[in-house]
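Structure first, commentary second.
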Amino acid sequence: MKKSLVVRLLLVFLFVVLISAAVIYFTFDIKAIDYLHMFNMNCLLLAFGSLFVGLVFDGIRLMTLTSITGEKLPLKQVANVVLSNYFLALVTPGASGGAIAQVMFMRKAGIPVAKSTVVVLVRTMFSIIFLMLLVPFVLHLDPDIANWMPPVVITVVSMLFTALPIVAGILMHTEYPEKCIGFCTRRFTEETQHRCLNWYRDFKRASFVICKSPLKVLRAFVESGLSLLFIYGCVPAYFFGMGCEFDLVQVMGRMVLLNLVLYFSPTPGGSGIAEAGFVVLFSKILPDGLAGIMAVMWRFTAEYVPFLIGGCFCIKAFGMDILNLLSSKAHKEDIAE
């Protein structure tokens, strides 16, 4: 076993345990014990079943997007790509390894790096756009958020979230984004400027894939939404298992808001931010002392279980030296081609 990976895994394990323990410690209430005694174990099957369906739709989406590029991804590699993202996103800074892992497995299946990069970027874009489009509905349908924010603010925010993908699409047909990136990075090193421009060009190229096959793209977008909603479905499953009364639309809406924030989280896998955000959003909905426990159960089901399975796939495919492979200069240059 390579020492670097073992150390990284131990640090991740320690970090996750400390975060989970802190969340439960600072939110626990003696009343929560009564709900824990009433917990219906059959809801574990419901929660993991919902996660499984979500991962299946994620895999189907990946196959649909790959077919748009004229390539075909074997079922085994589909599972590798979907689950490897969980593993390397959690053991690399800023979740940077998740996207690279997906490209690595797709290249291993014989798909060119350029096409793999486009598929990975579009896959992420679809998830973010789907969540952004749901934000206006969440803001209007959640009574607590509606009472907290004035109607005018909700309307403006809703319009911004709805219009942002459209405005971004229009701007990408002009030179203004590249000029803006050049202006914003003018004080950085030439290498940093080059990386920022390359990232934008990859993003732009991925965006234009949407225009190639509208029906398949629409299908992939729907599959993205179904994947996310089923994965989030493990939370109401646990609510039900605890015997809590809840509004399904409200719970799913708050999961949409939380997970949209996590896409921009600087911590690996959103650790820490996810648990804190869950407690903030659900502490008033859940009985006293249950928010922290639910946050840990959600993270264990939707993040750490796929992380463990993805780790087995990654290590089996690339060995214990996978972190050195990701960070090697030669590998980075190969991925960038």
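The values are calculated or read from the model by the stated rules, or taken from the named source; none is laboratory data. Just so it is clear, the structure is predicted and the values come from calculations on it, not from any experiment. With ideal geometry, Cβ positions are generated from the backbone for all residues, glycine too; neighbour counts draw on all protein chains shown.
Quick notes on this structure:
- Of the residues making up the range 142-156, those that are within 24 Å of residue 166 (Cα to Cα) and surrounded by 14 or more Cβ atoms within 10 Å (Cβ to Cβ) are 154, 155.
- Qualifying residue in the range 187-198 (condition: at negative phi and touching a residue at least 60 places away in the same chain (Cβ under 8 Å)): yes
- Within the range 25-47, not a single residue is within 19 Å of the chain's Cα centre (by Cα), assigned to a helix (DSSP H, G or I) and among the aromatic types (Phe, Trp, Tyr).
- For the residues 75, 65, the requirement of being on the phi < 0 side of the Ramachandran plot, of a type in the set (A, V, I, L, M, F, W, C) and under 18 Å from the mean Cα position of the chain (by Cα) singles out 65.
- Count of the range 130-185 residues which are under 27 Å from residue 232 (Cβ atoms) and assigned to a loop (DSSP other than H, G, I, E, B): 2
- Checking the stated criteria, residue 20 turns out not to satisfy the condition of being over 21 Å from residue 222 (Cβ atoms), under 21 Å from the mean Cα position of the chain (by Cα) and without any contact (Cβ under 8 Å) to a residue 24 or more places away in the chain.
- Subset of the range 141-186 (residues that are in contact (Cβ under 8 Å) with a residue 40 or more places away in the chain and among the acidic types (Asp, Glu)): 142, 144
- Residue pairs whose Cβ atoms lie under 6 Å apart, sitting 6 or more positions apart in sequence or on different chains, and linking a residue in the range 265-293 that is at negative phi to a partner that is among the basic types (Lys, Arg) and modelled with pLDDT under 90, are 288/31.
- Inside the range 60-92, residues that are surrounded by 21 or more Cβ atoms within 10 Å (Cβ to Cβ) and small (Gly, Ala, Ser) make up a count of 2.
- Count of residues meeting criterion [surrounded by 16 or more Cβ atoms within 10 Å (Cβ to Cβ) and more than 12 Å from the chain's Cα centre (by Cα)] in the range 258-270: 1
- Take the conditions (1) outside any helix (DSSP H, G or I); (2) modelled with pLDDT of 85 or more; residue 70 misses just one of them, which is (2).
- Annotation note: Cβ proximity below 6 Å between a residue of the range 313-325 that is closer than 16 Å to residue 90 by Cα and a residue that is surrounded by 14 or more Cβ atoms within 10 Å (Cβ to Cβ) and modelled with pLDDT of 75 or more (sequence gap 6+ or interchain) occurs for 313/80; 313/83; 313/84; 314/84; 314/87; 322/314.
- Residues in the range 17-31 that are farther than 13 Å from residue 279 by Cβ and at pLDDT below 85: 2 in all.
- Of all residues in the range 201-242 being more than 16 Å from the chain's Cα centre (by Cα) and outside any helix (DSSP H, G or I), the one that is nearest to residue 279 (Cα to Cα): 242
One line per residue, one yes/no per condition, for (1) out of contact with any strand residue (DSSP E or B) (no Cβ under 7 Å at 6 or more places or on another chain); (2) within 30 Å of residue 287 (Cα to Cα); (3) charged (D, E, K, R); (4) touching a residue at least 12 places away in the same chain (Cβ under 8 Å):
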{"position": "10", "(1), (2), (3), (4)": "yes, no, no, no"}
{"position": "102", "(1), (2), (3), (4)": "yes, no, no, yes"}
{"position": "108", "(1), (2), (3), (4)": "yes, no, yes, yes"}
{"position": "118", "(1), (2), (3), (4)": "yes, no, no, yes"}
